[in-house]
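The values are calculated or read from the model by the stated rules, or taken from the named source; none is laboratory data. Keep in mind that what you see is a predicted model, and the values were worked out from it rather than measured. Cβ placement follows ideal geometry from the backbone for every residue including glycine, while neighbour counts extend to all protein chains displayed. SASA here: full protein model, heavy atoms, side chains in, ligands and nucleic acids out. Shrake-Rupley method; radii C 1.70, N 1.55, O 1.52, S 1.80 Å.
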Amino acid sequence: MTAFAALAGLATALGRPWRTRFAPAPTGWLHLGHVVNAIWVWGLARAHGGRVLLRIEDHDRGRCRAEHERDILDDLEWLGFVPDDGRGPGGRLDFRQSDHGARYAAALDALDEARRVYACTCSRRDIAAVAGGAMNEETRYPGTCRERGVPREATAARRVRLDDGAEAFVDLRLGPQRQRPSEQCGDLLVRDRHGDWTYQWCVVVDDRDQQVDVVIRGEDILGSTGRQVALARLLGRAAPPRYLHHPLIRHPGGAKLSKANRDTGIRDLRAAGRSPAEVLGMAAQASGLVSERRAVRVEELAALLSVSS
Ligand code: GLU
């Protein structure tokens, strides 16, 4: 597959190993969907000259829990996923987004100077009323506060003004993509009214500052990639990372796996006596990387992702 050939050539082009990241949000337990992502991240890195950075995405202070972080780290270790970067001496975690508010603020200041940032007092209900329907992640912000000159003191919420126009990028697995962020989501919320930084903002600032060359994640986030490419450019990143979106595993019937689904939680599979290789095998089979149910050792992942049919 050309995707994998492109990754193999990247280390040579950069003159160093390329860097990718595994970036769980500690809002719940580790589940099989995460394991699929880890298989792609570590497998591709090990097969094609990459390094894996561990980043804890705990920007949402209301939903993240220290015990989830502890359990995620413990489950990853149990499964045999060892990051190359992001863990210091004695396994201490090196990077947690909640420790980096000053860096997200500095990045916002830079865009503010370029007149890209405005304060926004719209509630979710206000936005839903204009959009005419229930509000979700993909509801387009109609631009209500864009020209209103809302005083900075009125709210902590900030949006970044996006240009019209399409973003084109090549997904290393799915091929050329074209998205129009100004129509999909409108001006992006980068800090909410509680002062929390948003996923879209943290991830782009971090991928820039941590020199992440390749982003490997599930297809459920594909729709966010154009807006992240646009933000990366506004933040002065010369070239955005390469992207690879892998298939998601689903419950029979098509529902997406979620952290609430206890049947696929790694905690529960461990408690039921499964071995790490059995759990890796379940995830590898569910995502089509092996055809039959069998144990998969972590050392085999490079071979599974070195060629693709
Ligand atoms: N923190 C996100 C998650 O847990 C990962 C998003 C990304 O890889 O950009 O799903």
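Residues that are within 30 Å of A238 (Cβ to Cβ), surrounded by 13 or more Cβ atoms within 10 Å (Cβ to Cβ) and free of Cβ contacts under 8 Å to residues at least 24 places away in the same chain: does region 120-133 have at least one?
no
Which is closer than 20 Å to Y118 by Cβ, hydrophobic (A, V, I, L, M, F, W, C), within 16 Å of the ligand (Cβ to nearest atom) and crowded, with 21+ Cβ neighbours inside 10 Å, of V205, V160?
The match here is V205.
Looking only at region 220-235, count how many residues are at pLDDT 95 or above and either part of a strand (DSSP E or B) or not aliphatic (A, V, I, L, M) (or both).
7
Out of L7, L14, I need the residue that is away from the ligand (no atom under 11 Å from the Cβ), at pLDDT below 95 and open to solvent by less than 10 Å² (accessible area, probe 1.4 Å). Which one?
Answer to the check: L7.
Identify all residues within region 168-195 that are among the charged types (D, E, K, R), within 26 Å of M135 (Cβ to Cβ) and open to solvent by less than 20 Å² (accessible area, probe 1.4 Å); write none if there are none.
D187, the sole residue that qualifies.
Could we say that Q200 is touching a Ser or Thr at 6+ places or on another chain (Cβ under 8 Å) and within 14 Å of the ligand (Cβ to nearest atom) here?
In short, yes.
Regarding A239, is this residue modelled with pLDDT under 95, open to solvent by 20 Å² or more (accessible area, probe 1.4 Å), away from the ligand (no atom under 11 Å from the Cβ) and on the phi < 0 side of the Ramachandran plot?
Taking the combined requirement at face value, the residue satisfies it.
Considering only residues of region 218-232 that are open to solvent by 10 Å² or more (accessible area, probe 1.4 Å) and within 11 Å of the ligand (Cβ to nearest atom), which is farthest from I249 (Cα to Cα)?
The qualifying residue farthest from I249 (Cα to Cα) is S224.
Let me spell it out: the conditions are (1) open to solvent by less than 30 Å² (accessible area, probe 1.4 Å); (2) away from the ligand (no atom under 16 Å from the Cβ), and E147 meets all of them except one. Which number is the exception?
(1)
Pull up region 54-64, narrow it to residues that are open to solvent by 10 Å² or more (accessible area, probe 1.4 Å) and within 14 Å of the ligand (Cβ to nearest atom), then point me to the one that is farthest from L7 (Cα to Cα).
For region 54-64, the residue satisfying everything is R63.
Any idea which of W42, W29 is aromatic (F, W, Y), surrounded by fewer than 24 Cβ atoms within 10 Å (Cβ to Cβ) and within 16 Å of the ligand (Cβ to nearest atom)?
Being aromatic (F, W, Y), surrounded by fewer than 24 Cβ atoms within 10 Å (Cβ to Cβ) and within 16 Å of the ligand (Cβ to nearest atom) holds for just one of W42, W29, which is W29.
Residues in region 288-299: is at least one at pLDDT 90 or above, farther than 19 Å from W42 by Cβ and hydrophobic (A, V, I, L, M, F, W, C)?
Within region 288-299, not a single residue is at pLDDT 90 or above, farther than 19 Å from W42 by Cβ and hydrophobic (A, V, I, L, M, F, W, C).
Is it the case that G80 is surrounded by fewer than 17 Cβ atoms within 10 Å (Cβ to Cβ) and on the phi > 0 side of the Ramachandran plot?
Considered against the rule, which asks whether it is surrounded by fewer than 17 Cβ atoms within 10 Å (Cβ to Cβ) and on the phi > 0 side of the Ramachandran plot, G80 comes out as yes.
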